[in-house]
Amino acid sequence: MKIRVWWAGAAMLALSPLSAAVAQAADVKAVATFTVLADVVSEVGGDRVEVSSLIGPNGDPHAYEPTPNDVRRVRDADVVFMSGLGLEGWMDRLIATSGFKGQPVVVSEHIHTREMEEEDHDHGHDADDHDHGDHDHDHDHDDGGHHHHHDGPDPHVWNSPANVEVWVDNIVAALSKADPAGADEYRANGDAYKQELESLDEYARTQIEAIPEDRRKILTSHDAFGYFGDRYGVTFLAPLGMTTDSEASAKDVAGLITQMKEEHIKSYFFENSNDPRLVEQIASAAGAQPGGELYVESLSKPDGPAATYADMFRFNVDQMVKAMKQND
Ligand SMILES: [Zn+2]
(Lines give C-alpha, C1' and ligand atoms only; values in the text may rest on other atoms or scores of the structure.)
Protein backbone atom coordinates (compact mmCIF):
# COMPACT_ATOMS: atom_id res chain seq x y z
CA MET A 1 0.00 0.00 0.00
CA LYS A 2 2.84 2.34 0.80
CA ILE A 3 4.29 1.55 -2.59
CA ARG A 4 1.07 2.56 -4.32
CA VAL A 5 1.01 5.89 -2.49
CA TRP A 6 4.62 6.50 -3.40
CA TRP A 7 4.01 5.82 -7.09
CA ALA A 8 1.00 8.10 -7.12
CA GLY A 9 3.15 10.83 -5.63
CA ALA A 10 5.95 10.18 -8.11
CA ALA A 11 3.57 10.33 -11.07
CA MET A 12 2.21 13.66 -9.88
CA LEU A 13 5.67 14.99 -9.27
CA ALA A 14 6.31 14.70 -12.98
CA LEU A 15 3.09 16.52 -13.82
CA SER A 16 2.55 19.22 -11.28
CA PRO A 17 4.47 21.61 -9.06
CA LEU A 18 1.88 21.00 -6.30
CA SER A 19 2.86 17.37 -6.03
CA ALA A 20 5.15 17.72 -3.03
CA ALA A 21 2.29 19.00 -0.89
CA VAL A 22 0.01 16.23 -2.20
CA ALA A 23 2.53 13.52 -1.41
CA GLN A 24 3.03 14.87 2.07
CA ALA A 25 -0.71 15.02 2.77
CA ALA A 26 -1.00 11.39 1.77
CA ASP A 27 1.06 10.34 4.73
CA VAL A 28 -1.07 10.74 7.87
CA LYS A 29 0.33 8.84 10.80
CA ALA A 30 -2.43 7.59 13.06
CA VAL A 31 -2.18 5.65 16.30
CA ALA A 32 -5.11 3.74 17.81
CA THR A 33 -5.23 2.30 21.30
CA PHE A 34 -6.29 -1.25 20.39
CA THR A 35 -6.53 -3.51 17.36
CA VAL A 36 -10.31 -3.36 16.85
CA LEU A 37 -10.18 0.42 16.58
CA ALA A 38 -7.01 0.40 14.45
CA ASP A 39 -8.79 -1.80 11.91
CA VAL A 40 -11.75 0.56 11.64
CA VAL A 41 -9.41 3.56 11.29
CA SER A 42 -7.57 1.80 8.47
CA GLU A 43 -10.89 1.06 6.69
CA VAL A 44 -11.66 4.80 6.72
CA GLY A 45 -8.12 5.99 6.10
CA GLY A 46 -7.37 3.70 3.16
CA ASP A 47 -4.07 4.40 1.44
CA ARG A 48 -3.73 7.91 2.82
CA VAL A 49 -3.30 6.84 6.43
CA GLU A 50 -0.75 4.66 8.13
CA VAL A 51 -2.32 3.18 11.29
CA SER A 52 -0.70 1.37 14.15
CA SER A 53 -2.22 -0.08 17.31
CA LEU A 54 -0.60 0.44 20.70
CA ILE A 55 -1.93 -2.86 22.08
CA GLY A 56 -1.19 -5.84 19.86
CA PRO A 57 -3.41 -8.76 18.81
CA ASN A 58 -5.01 -10.71 21.69
CA GLY A 59 -4.17 -7.91 24.17
CA ASP A 60 -6.42 -6.63 26.96
CA PRO A 61 -7.32 -2.94 26.43
CA HIS A 62 -8.39 -2.38 30.08
CA ALA A 63 -5.04 -3.19 31.59
CA TYR A 64 -2.01 -2.11 29.64
CA GLU A 65 1.51 -0.96 30.43
CA PRO A 66 2.65 1.44 27.68
CA THR A 67 6.24 0.91 26.53
CA PRO A 68 8.87 3.57 25.70
CA ASN A 69 8.17 2.78 22.05
CA ASP A 70 4.48 3.64 22.58
CA VAL A 71 5.52 7.00 24.01
CA ARG A 72 7.44 7.69 20.80
CA ARG A 73 4.62 6.52 18.55
CA VAL A 74 2.12 8.78 20.28
CA ARG A 75 4.51 11.73 20.21
CA ASP A 76 5.11 11.33 16.47
CA ALA A 77 1.46 10.72 15.52
CA ASP A 78 -0.66 13.18 13.56
CA VAL A 79 -3.87 11.77 15.05
CA VAL A 80 -4.41 9.55 18.10
CA PHE A 81 -7.63 7.55 18.39
CA MET A 82 -9.07 6.00 21.52
CA SER A 83 -12.46 4.42 22.22
CA GLY A 84 -13.11 6.21 25.53
CA LEU A 85 -15.90 5.65 28.11
CA GLY A 86 -13.29 4.53 30.63
CA LEU A 87 -11.92 1.64 28.55
CA GLU A 88 -8.35 2.89 28.31
CA GLY A 89 -7.66 4.09 31.84
CA TRP A 90 -3.93 4.17 31.07
CA MET A 91 -4.17 6.68 28.20
CA ASP A 92 -4.19 10.03 30.05
CA ARG A 93 -0.80 9.32 31.52
CA LEU A 94 0.61 8.12 28.22
CA ILE A 95 -0.60 11.26 26.43
CA ALA A 96 0.91 13.48 29.13
CA THR A 97 4.22 11.60 29.13
CA SER A 98 4.50 11.62 25.33
CA GLY A 99 4.16 15.38 24.93
CA PHE A 100 1.63 14.76 22.12
CA LYS A 101 0.42 18.19 21.14
CA GLY A 102 -3.19 17.44 20.16
CA GLN A 103 -6.13 15.90 21.94
CA PRO A 104 -6.82 12.22 21.35
CA VAL A 105 -9.99 11.63 19.32
CA VAL A 106 -12.56 9.78 21.44
CA VAL A 107 -14.44 7.75 18.82
CA SER A 108 -17.25 6.58 21.12
CA GLU A 109 -18.44 10.15 21.59
CA HIS A 110 -22.14 10.48 20.63
CA ILE A 111 -22.83 6.77 21.07
CA HIS A 112 -26.01 6.07 22.99
CA THR A 113 -24.42 4.26 25.92
CA ARG A 114 -25.85 1.64 28.23
CA GLU A 115 -25.03 1.73 31.92
CA MET A 116 -23.14 -1.04 33.66
CA GLU A 117 -25.58 -3.26 35.48
CA GLU A 118 -25.58 -3.70 39.21
CA GLU A 119 -23.33 -6.51 40.20
CA ASP A 120 -26.03 -9.01 41.05
CA HIS A 121 -26.15 -11.94 38.74
CA ASP A 122 -29.86 -12.32 39.24
CA HIS A 123 -30.87 -12.85 35.68
CA GLY A 124 -34.21 -14.31 36.67
CA HIS A 125 -35.76 -11.47 34.71
CA ASP A 126 -34.33 -12.52 31.35
CA ALA A 127 -37.42 -12.00 29.34
CA ASP A 128 -37.57 -8.35 30.32
CA ASP A 129 -33.86 -7.76 30.02
CA HIS A 130 -33.90 -6.96 26.36
CA ASP A 131 -36.43 -4.16 26.57
CA HIS A 132 -34.88 -2.74 29.64
CA GLY A 133 -32.04 -1.19 27.68
CA ASP A 134 -34.46 0.91 25.70
CA HIS A 135 -36.29 2.50 28.63
CA ASP A 136 -33.12 3.30 30.41
CA HIS A 137 -31.25 5.02 27.63
CA ASP A 138 -32.49 8.50 28.34
CA HIS A 139 -30.97 8.62 31.79
CA ASP A 140 -27.58 7.41 30.76
CA HIS A 141 -25.77 10.64 30.24
CA ASP A 142 -26.78 12.18 33.54
CA ASP A 143 -24.97 9.58 35.53
CA GLY A 144 -21.46 10.86 35.19
CA GLY A 145 -19.61 8.69 37.72
CA HIS A 146 -17.39 6.49 35.61
CA HIS A 147 -14.39 6.41 37.88
CA HIS A 148 -15.59 3.43 39.81
CA HIS A 149 -15.70 0.04 38.16
CA HIS A 150 -19.32 -0.78 38.79
CA ASP A 151 -20.70 2.48 37.68
CA GLY A 152 -20.87 4.53 34.50
CA PRO A 153 -21.28 3.67 30.83
CA ASP A 154 -20.41 0.27 29.41
CA PRO A 155 -17.29 0.85 27.27
CA HIS A 156 -17.66 -2.24 25.00
CA VAL A 157 -19.57 -0.38 22.31
CA TRP A 158 -17.97 -2.09 19.27
CA ASN A 159 -19.71 -5.41 19.85
CA SER A 160 -22.73 -3.87 18.14
CA PRO A 161 -21.91 -2.77 14.54
CA ALA A 162 -24.50 0.02 14.82
CA ASN A 163 -22.17 1.71 17.33
CA VAL A 164 -19.19 1.22 15.05
CA GLU A 165 -21.04 3.35 12.51
CA VAL A 166 -20.73 6.21 15.01
CA TRP A 167 -17.02 5.46 15.30
CA VAL A 168 -16.77 5.73 11.52
CA ASP A 169 -18.41 9.17 11.50
CA ASN A 170 -16.04 10.38 14.21
CA ILE A 171 -13.03 8.94 12.38
CA VAL A 172 -14.07 10.52 9.06
CA ALA A 173 -14.37 13.90 10.80
CA ALA A 174 -11.02 13.61 12.58
CA LEU A 175 -9.05 12.45 9.53
CA SER A 176 -10.67 15.12 7.35
CA LYS A 177 -9.59 17.74 9.84
CA ALA A 178 -6.02 16.42 9.95
CA ASP A 179 -5.84 15.98 6.16
CA PRO A 180 -8.47 18.16 4.43
CA ALA A 181 -7.30 17.10 0.96
CA GLY A 182 -8.45 13.57 1.76
CA ALA A 183 -11.90 14.49 3.05
CA ASP A 184 -13.82 13.15 0.04
CA GLU A 185 -11.91 9.92 0.12
CA TYR A 186 -12.48 9.45 3.85
CA ARG A 187 -16.18 10.06 3.42
CA ALA A 188 -16.40 7.57 0.55
CA ASN A 189 -14.43 4.93 2.47
CA GLY A 190 -16.56 5.55 5.55
CA ASP A 191 -19.81 5.20 3.60
CA ALA A 192 -18.66 1.95 2.02
CA TYR A 193 -17.61 0.55 5.38
CA LYS A 194 -20.91 1.55 6.98
CA GLN A 195 -22.66 -0.60 4.37
CA GLU A 196 -20.53 -3.51 5.48
CA LEU A 197 -21.40 -2.80 9.13
CA GLU A 198 -25.08 -2.84 8.23
CA SER A 199 -24.72 -6.19 6.56
CA LEU A 200 -22.95 -7.54 9.67
CA ASP A 201 -25.85 -6.31 11.79
CA GLU A 202 -28.31 -8.00 9.45
CA TYR A 203 -26.28 -11.20 9.52
CA ALA A 204 -26.37 -11.36 13.34
CA ARG A 205 -30.06 -10.56 13.47
CA THR A 206 -30.97 -13.28 10.96
CA GLN A 207 -28.82 -15.95 12.62
CA ILE A 208 -29.98 -15.19 16.15
CA GLU A 209 -33.67 -14.77 15.35
CA ALA A 210 -33.70 -18.41 14.29
CA ILE A 211 -32.91 -19.48 17.87
CA PRO A 212 -35.75 -19.66 20.43
CA GLU A 213 -35.45 -16.77 22.86
CA ASP A 214 -35.11 -18.93 25.97
CA ARG A 215 -31.99 -20.57 24.51
CA ARG A 216 -30.15 -17.34 23.85
CA LYS A 217 -27.76 -17.47 26.79
CA ILE A 218 -23.98 -17.43 26.81
CA LEU A 219 -21.37 -17.71 29.56
CA THR A 220 -18.15 -15.72 29.06
CA SER A 221 -15.39 -14.37 31.34
CA HIS A 222 -16.36 -10.72 31.57
CA ASP A 223 -19.28 -8.55 30.54
CA ALA A 224 -18.24 -7.34 27.10
CA PHE A 225 -21.38 -8.15 25.11
CA GLY A 226 -23.93 -5.83 26.67
CA TYR A 227 -24.61 -3.87 23.49
CA PHE A 228 -24.71 -7.09 21.50
CA GLY A 229 -27.14 -8.61 23.99
CA ASP A 230 -29.42 -5.57 23.94
CA ARG A 231 -29.50 -5.45 20.17
CA TYR A 232 -30.04 -9.12 19.38
CA GLY A 233 -31.84 -10.35 22.49
CA VAL A 234 -29.10 -12.52 23.98
CA THR A 235 -28.37 -12.82 27.71
CA PHE A 236 -24.70 -12.95 28.70
CA LEU A 237 -23.54 -14.33 32.02
CA ALA A 238 -20.08 -13.44 33.25
CA PRO A 239 -18.27 -13.83 36.57
CA LEU A 240 -16.32 -10.60 36.04
CA GLY A 241 -17.91 -7.24 35.50
CA MET A 242 -17.20 -4.85 32.70
CA THR A 243 -13.56 -4.51 33.43
CA THR A 244 -11.06 -7.34 33.60
CA ASP A 245 -9.30 -6.14 36.72
CA SER A 246 -12.16 -6.73 39.16
CA GLU A 247 -12.67 -9.97 41.05
CA ALA A 248 -15.71 -12.18 41.23
CA SER A 249 -17.07 -12.93 44.70
CA ALA A 250 -17.69 -16.50 45.85
CA LYS A 251 -21.37 -15.67 45.96
CA ASP A 252 -21.37 -14.53 42.32
CA VAL A 253 -19.61 -17.70 41.25
CA ALA A 254 -22.02 -19.94 43.17
CA GLY A 255 -24.96 -18.01 41.73
CA LEU A 256 -23.71 -18.48 38.18
CA ILE A 257 -23.23 -22.22 38.66
CA THR A 258 -26.81 -22.57 39.91
CA GLN A 259 -28.11 -20.45 37.07
CA MET A 260 -26.20 -22.42 34.43
CA LYS A 261 -27.81 -25.63 35.69
CA GLU A 262 -31.30 -24.23 36.08
CA GLU A 263 -31.35 -22.60 32.68
CA HIS A 264 -29.70 -25.52 30.86
CA ILE A 265 -26.76 -23.51 29.55
CA LYS A 266 -24.58 -26.17 27.99
CA SER A 267 -21.51 -24.33 26.84
CA TYR A 268 -19.17 -21.55 27.77
CA PHE A 269 -16.56 -19.43 26.01
CA PHE A 270 -13.01 -18.35 26.55
CA GLU A 271 -11.99 -14.85 25.59
CA ASN A 272 -8.87 -14.38 23.50
CA SER A 273 -7.63 -11.55 25.72
CA ASN A 274 -8.43 -12.96 29.18
CA ASP A 275 -7.46 -15.65 31.63
CA PRO A 276 -9.91 -18.56 31.17
CA ARG A 277 -9.50 -20.21 34.59
CA LEU A 278 -12.50 -18.76 36.39
CA VAL A 279 -14.94 -19.42 33.59
CA GLU A 280 -13.60 -22.98 33.26
CA GLN A 281 -14.13 -23.57 36.95
CA ILE A 282 -17.74 -22.39 36.78
CA ALA A 283 -18.45 -24.35 33.62
CA SER A 284 -17.05 -27.58 34.93
CA ALA A 285 -19.06 -27.27 38.17
CA ALA A 286 -22.18 -26.70 36.07
CA GLY A 287 -21.39 -29.55 33.65
CA ALA A 288 -21.00 -27.26 30.63
CA GLN A 289 -18.70 -27.89 27.65
CA PRO A 290 -16.24 -25.45 26.11
CA GLY A 291 -17.90 -23.68 23.17
CA GLY A 292 -14.66 -22.19 21.89
CA GLU A 293 -13.10 -18.77 21.96
CA LEU A 294 -14.72 -15.38 21.47
CA TYR A 295 -12.83 -12.29 20.34
CA VAL A 296 -14.33 -9.72 22.65
CA GLU A 297 -12.03 -6.71 22.59
CA SER A 298 -8.99 -7.66 20.60
CA LEU A 299 -8.37 -9.01 17.11
CA SER A 300 -6.45 -12.21 16.44
CA LYS A 301 -3.10 -12.22 14.67
CA PRO A 302 -3.38 -11.73 10.89
CA ASP A 303 -3.48 -15.49 10.25
CA GLY A 304 -6.17 -16.10 12.91
CA PRO A 305 -9.96 -16.19 12.53
CA ALA A 306 -10.53 -12.57 13.63
CA ALA A 307 -7.93 -10.51 11.82
CA THR A 308 -10.40 -7.69 11.10
CA TYR A 309 -13.38 -6.30 12.96
CA ALA A 310 -15.76 -7.75 10.35
CA ASP A 311 -14.16 -11.20 10.65
CA MET A 312 -14.21 -10.97 14.44
CA PHE A 313 -17.90 -10.09 14.53
CA ARG A 314 -18.95 -12.84 12.12
CA PHE A 315 -16.78 -15.38 13.88
CA ASN A 316 -18.30 -14.50 17.27
CA VAL A 317 -21.85 -14.72 15.92
CA ASP A 318 -21.16 -18.13 14.37
CA GLN A 319 -19.60 -19.49 17.56
CA MET A 320 -22.42 -18.21 19.75
CA VAL A 321 -25.14 -19.48 17.44
CA LYS A 322 -23.60 -22.95 17.37
CA ALA A 323 -23.45 -23.00 21.18
CA MET A 324 -26.94 -21.59 21.79
CA LYS A 325 -28.47 -24.27 19.58
CA GLN A 326 -27.21 -26.79 22.14
CA ASN A 327 -28.99 -25.17 25.09
CA ASP A 328 -32.35 -26.82 25.74
ZN1 LIG B 1 -13.70 -5.56 28.49
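Picking from residues in segment 255-312 that are more than 23 Å from V36 (Cα to Cα) and among the basic types (K, R), the one that is surrounded by the fewest Cβ atoms within 10 Å (Cβ to Cβ) is R277. Determine, yes or no, whether I257 is assigned by TED's automatic domain parsing to the domain that holds H222, in a loop (DSSP other than H, G, I, E, B), closer than 25 Å to K325 by Cα and hydrophobic (A, V, I, L, M, F, W, C). For I257, the condition - assigned by TED's automatic domain parsing to the domain that holds H222, in a loop (DSSP other than H, G, I, E, B), closer than 25 Å to K325 by Cα and hydrophobic (A, V, I, L, M, F, W, C) - is not met.
The lone criterion from (1) within 16 Å of the ligand (Cβ to nearest atom); (2) more than 15 Å from N58 (Cβ to Cβ) left unmet by S284 is number (1). In segment 61-77, the residues that are touching a residue at least 12 places away in the same chain (Cβ under 8 Å) reach residues that are loosely packed, with under 13 Cβ neighbours inside 10 Å and in a helix (DSSP H, G or I) with C-beta atoms within less than 9 angstrom, at least six apart or across chains, in these pairs: P66/R93.
Checked against (1) at positive phi; (2) in contact with a Gly (Cβ under 8 Å, 6 or more places away or on another chain); (3) not aromatic (F, W, Y), G233 passes all but condition (2). Looking across segment 290-315, just one residue is in a loop (DSSP other than H, G, I, E, B), over 12 Å from the mean Cα position of the chain (by Cα) and within 16 Å of the ligand (Cβ to nearest atom), and that is A306. Of everything in segment 57-89 that is in a loop (DSSP other than H, G, I, E, B) and in contact with a strand residue (DSSP E or B) (Cβ under 8 Å, 6 or more places away or on another chain), the residue that is surrounded by the fewest Cβ atoms within 10 Å (Cβ to Cβ) is D78.
The values are calculated or read from the model by the stated rules, or taken from the named source; none is laboratory data. In this text, all values refer to a predicted model and were calculated from it rather than measured experimentally. As a convention, Cβ positions derive from the backbone with ideal geometry for all residues, glycine included, and neighbour counts pool all protein chains shown.
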